[in-house]
Amino acid sequence: MSKTAIVSAMHQELSALLALMPSGRKTVHVGREFWEGQLYGHQVVMVLSRLGKVAAATTTTVLIERFGAKRIVFTGLAGGLGAGIRVGDVVVADAFIQHDMDVTPLYPRFEVPLYERASFSTDAGMTAQLVKASRQVLANPKALLGSEAVEDFGLGDNRVHQGLIASGDRFIGSAQDGHAIQKALGAQGLDALAVEMEGAAVAQVCYDYGVPFAAVRTISDHADHEAHVDFKRFLRCVASRYSAAIMEKFLD
Ligand code: ADE
């Protein structure tokens, strides 16, 4: 049976899913805990990548080289870019770009040198499955979170989006920074729906190895001056349950 790796950056993004695999076998390697076991009839390995592109690239390499991951899914939070993306929406990536990759004037802005590309696509089949799973979960957030949390966060009318996600080694905590990223991407004819800190690194390593990859991110904030407050609250109250519910439907 082929092995699926499930990765999040932080504990709160993965904890509910880890709790569903109490008999999982733990291996500590390069400072990370890798949990192997069975989940909804699949052989899985779960791990926290830690934050940022380098940590995510190390984790992905280990998952493939040492744990034999045959496909990788990243699940977590992201900051929404643009008015059409609301807190509680879900963005399923169809490609990733590094918003802090800049080797101009030697290469076009955002291009990853020697790869002759700026963006790395996700696996179409897995992405379609994640969209379907996310739609099922968003159809009834009250069942998952309870009415109080749904009202607190203004959830209930959320959408699933599919598109480009921009990754970089920076938490985007001002509207100015968020707009600057949108503007720079726009100048290259690109439009990202969300920002986070790991996906593009995982996508590039998976591209190197030819391993299918997909990613789902719930929007926790608007990548503006309130992002750090919204992010922490969302991380505490919502992140874990959304990740677990989406992954359950994805694996099922
Ligand atoms: N993940 C969630 N919110 C984010 C933000 N505003 N910037 C970067 N990564 C994030």
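In the set (1) closer than 21 Å to residue 116 by Cα; (2) among the small types (Gly, Ala, Ser); (3) not in a strand (DSSP E or B), the condition left unmet by residue 163 is number (3). Among the residues of region 1-46, the one identified as within 16 Å of residue 197 (Cβ to Cβ) and of a type in the set (Val, Ile, Thr) is 7.
State yes or no: is residue 179 within 20 Å of the chain's Cα centre (by Cα), within 14 Å of the ligand (Cβ to nearest atom) and not aliphatic (A, V, I, L, M)? Against the criterion (within 20 Å of the chain's Cα centre (by Cα), within 14 Å of the ligand (Cβ to nearest atom) and not aliphatic (A, V, I, L, M)), residue 179 does not qualify. Filtered by the rule that a residue be under 14 Å from residue 50 (Cα atoms) and among the charged types (D, E, K, R), region 1-31 gives a lone residue, 13.
Looking for something surrounded by 19 or more Cβ atoms within 10 Å (Cβ to Cβ), under 18 Å from the mean Cα position of the chain (by Cα) and of a type outside the set (Ser, Thr, Tyr) - is there at least one such residue anywhere in region 102-112? The answer is no; no qualifying residue exists.
Which of the strands (runs of 3 or more DSSP E) contained wholly in region 1-89 include at least 2 residues that are without any contact (Cβ under 8 Å) to a residue 60 or more places away in the chain and buried (at least 16 other Cβ atoms within 10 Å of the Cβ)?
Hits in region 1-89: 32-39, 42-48.
Flag: residue 193 matches the condition of being under 16 Å from the mean Cα position of the chain (by Cα), outside any helix (DSSP H, G or I), surrounded by fewer than 24 Cβ atoms within 10 Å (Cβ to Cβ) and within 16 Å of the ligand (Cβ to nearest atom).
The number of residues in region 38-54 being among the aliphatic types (A, V, I, L, M) and out of contact with any strand residue (DSSP E or B) (no Cβ under 9 Å at 6 or more places or on another chain) comes to 2. Go through region 209-232 residue by residue and tally those that are without any contact (Cβ under 8 Å) to a residue 24 or more places away in the chain and either crowded, with 24+ Cβ neighbours inside 10 Å or not hydrophobic (A, V, I, L, M, F, W, C) (or both). Final tally of qualifying residues: 3. Every listed requirement among (1) crowded, with 16+ Cβ neighbours inside 10 Å; (2) within 16 Å of the ligand (Cβ to nearest atom) is met by residue 160 save one, (2).
Throughout, read-outs are computed from the coordinates displayed, never taken from laboratory work. Note that the coordinates shown come from a computational prediction; the quantities given were computed from them, not determined experimentally. Don't worry about glycine lacking a Cβ; one is built from the backbone with ideal geometry, like all the others, and counts go over all protein chains shown.
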